[in-house]
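Participant: Below is one structure. I have some questions about it.
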Amino acid sequence: MIERSLFREEHNMWRETVRRFVEKEIVPYHAQWEHDGIVPRELWLKAGEAGLLCCTVPEEFGGLGLDYLFDVVVFEELWRVGASAPGFLIHTDLVATYILTFGTDEQKATWLPKMVRGEAIGSLGMTEPHAGSDLKAIKTKAVRDGDDYVIDGQKVFISNGQSCDILVLATKTDSAAGAKGVTLFLVEGDRPGFRRGRNLEKLGMKGQDTSELFFDNVRVPASNMLGSEGGGFAIMMTKLAQERLAQAIRSATVVEAMIEWTVDYTADRKAFGQTIADFQNTQFVLADLKARSVMARVFTDKCIDLFMQGKLDPVDAAMAKMVTSELHCEAADKCLQLFGGWGYMWEYPICRAYADARIVKIAGGSIEVMKTIIARELFKGKLQPRKSQQ
């Protein structure tokens, strides 16, 4: 098999450390968290103490100042064991990155050390009931009032919503300006008027708390603005490639894990006087998935390399996200089939992986949006402008 050349010895040593943490602190308790619909804060503190959170945050803000691959290792080791919780990805790869890249010195000094230690949990508040992929259509508004902004509106499908202490919130400061009217704010979880709705009951990812959030005259100081007024949409666009890369890494990792589980199961399970693995159909299904998983892994690793060089463009990220997401769902379906009736039982990881898989075609931008991004590049300058709808 092709050896992954991205990782150096220090990354491999880190992987062993993370793997031990996951096996000790997450695997034994994950089923209970799925039942509870949330991860205890104690785990975040343990993860912070072990250095698993926000690995790339510089030392001046309490982090380790490591490269992106250290975060990748943490995510991969979670996904390798089928852990749908905790929400380290949102916290580390998005919220901390937004603050580190666009925050003021005061915002960085206030929040990043707490996030590194697991004392403050981060969440990203963008999606609304009628605005998912079309983020410029959000309706949550922020109105200037002296030195403050007053926020009203609601969000939905917010990961870490029940747990969050700090929220990167997308608002409209100018409803007539379209994308240029979007502004981001840092909103503390204890602000008066901020209310957490129900912890949403999902098809999968059951250990990851996901919430409705409500804002009723929530007053925040202008100093809580992230970036400039009207600059929020541009900020969000700069991070979409990174978000989609993370989704590709997840899918590539989970596909590999599902294939491994299925090979082990079919080599042991017997039917009609032989193992399930002895049937040619089993061998062909898994051989096909294995070959395509290697292709997906190689391209995803190439995208990681490009990202670390600052060269990952939105089209490459969209292709990685689209292909790996579709393979993820296909592999979950075909691997579960080879488990037979046991594959439908929640006690088996393939069952939970099947339920968790479906979101990957939606999270980080739907498959249809990915195809649109790719098609625009493919037909650049060759298509007629669409006529406006009457």
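Participant: Every residue in region 174-193 that is surrounded by fewer than 22 Cβ atoms within 10 Å (Cβ to Cβ) and either out of contact with any helix residue (DSSP H, G or I) (no Cβ under 9 Å at 6 or more places or on another chain) or closer than 13 Å to residue 225 by Cα (or both), please.
Facilitator: 176, 177, 188, 189, 190, 191, 192, 193
Participant: Taking residue 382 and the conditions (1) surrounded by 15 or more Cβ atoms within 10 Å (Cβ to Cβ); (2) without any contact (Cβ under 8 Å) to a residue 40 or more places away in the chain; (3) farther than 24 Å from residue 242 by Cβ; (4) among the basic types (Lys, Arg), which numbered condition does it fall short on, given that it satisfies the others?
Facilitator: Residue 382 satisfies all of (1) surrounded by 15 or more Cβ atoms within 10 Å (Cβ to Cβ); (2) without any contact (Cβ under 8 Å) to a residue 40 or more places away in the chain; (3) farther than 24 Å from residue 242 by Cβ; (4) among the basic types (Lys, Arg) except (1).
Participant: From the list 236, 225, which residue is surrounded by 14 or more Cβ atoms within 10 Å (Cβ to Cβ), closer than 23 Å to residue 157 by Cα and at pLDDT below 95?
Facilitator: 236
Participant: Mind telling me which of the residues 340, 310 ends up being in a helix (DSSP H, G or I), surrounded by fewer than 20 Cβ atoms within 10 Å (Cβ to Cβ) and either under 24 Å from the mean Cα position of the chain (by Cα) or in the same structural domain as residue 253 (by TED's automatic domain parsing) (or both)? If you could, list the steps in order and put the result at the bottom.
Facilitator: Values: 310 fails: in a helix (DSSP H, G or I).
Among 340, 310, only 340 is in a helix (DSSP H, G or I), surrounded by fewer than 20 Cβ atoms within 10 Å (Cβ to Cβ) and either under 24 Å from the mean Cα position of the chain (by Cα) or in the same structural domain as residue 253 (by TED's automatic domain parsing) (or both).
Participant: Moving on. Can you pull out the strands (runs of 3 or more DSSP E) entirely within region 177-229 that have at least 3 residues that are farther than 26 Å from residue 44 by Cβ, outside the structural domain of residue 360 (by TED's automatic domain parsing) and among the hydrophobic types (A, V, I, L, M, F, W, C)?
Facilitator: none
Participant: Something else now. Given (1) in contact (Cβ under 8 Å) with a residue 40 or more places away in the chain; (2) within 21 Å of residue 200 (Cα to Cα); (3) assigned to a helix (DSSP H, G or I), identify the lone condition not met by residue 39.
Facilitator: Every condition holds for residue 39 apart from (3).
Participant: Given the condition surrounded by fewer than 17 Cβ atoms within 10 Å (Cβ to Cβ), more than 24 Å from residue 87 (Cα to Cα) and not aromatic (Phe, Trp, Tyr), answer yes or no: does some residue in region 194-202 qualify?
Facilitator: Taking every residue of region 194-202 in turn, none turns out to be surrounded by fewer than 17 Cβ atoms within 10 Å (Cβ to Cβ), more than 24 Å from residue 87 (Cα to Cα) and not aromatic (Phe, Trp, Tyr).
Participant: Something else about it: So, of the residues in region 137-156 that are of a type in the set (Gly, Ala, Ser) and modelled with pLDDT of 95 or more, which turns out to be nearest to the chain's Cα centre (by Cα)?
Facilitator: Among residues in region 137-156 that are of a type in the set (Gly, Ala, Ser) and modelled with pLDDT of 95 or more, the one nearest to the chain's Cα centre (by Cα) is 153.
Participant: Which condition number does residue 352 fail, the rest of (1) surrounded by fewer than 20 Cβ atoms within 10 Å (Cβ to Cβ); (2) within 18 Å of the chain's Cα centre (by Cα) being met?
Facilitator: The number of the failed condition is (1).
The values are calculated or read from the model by the stated rules, or taken from the named source; none is laboratory data. From a predicted model like this one, the values you see are computed outputs, not experimental measurements. Note: ideal-geometry Cβ built from the backbone for every residue, glycine included; neighbour counts use all protein chains shown.
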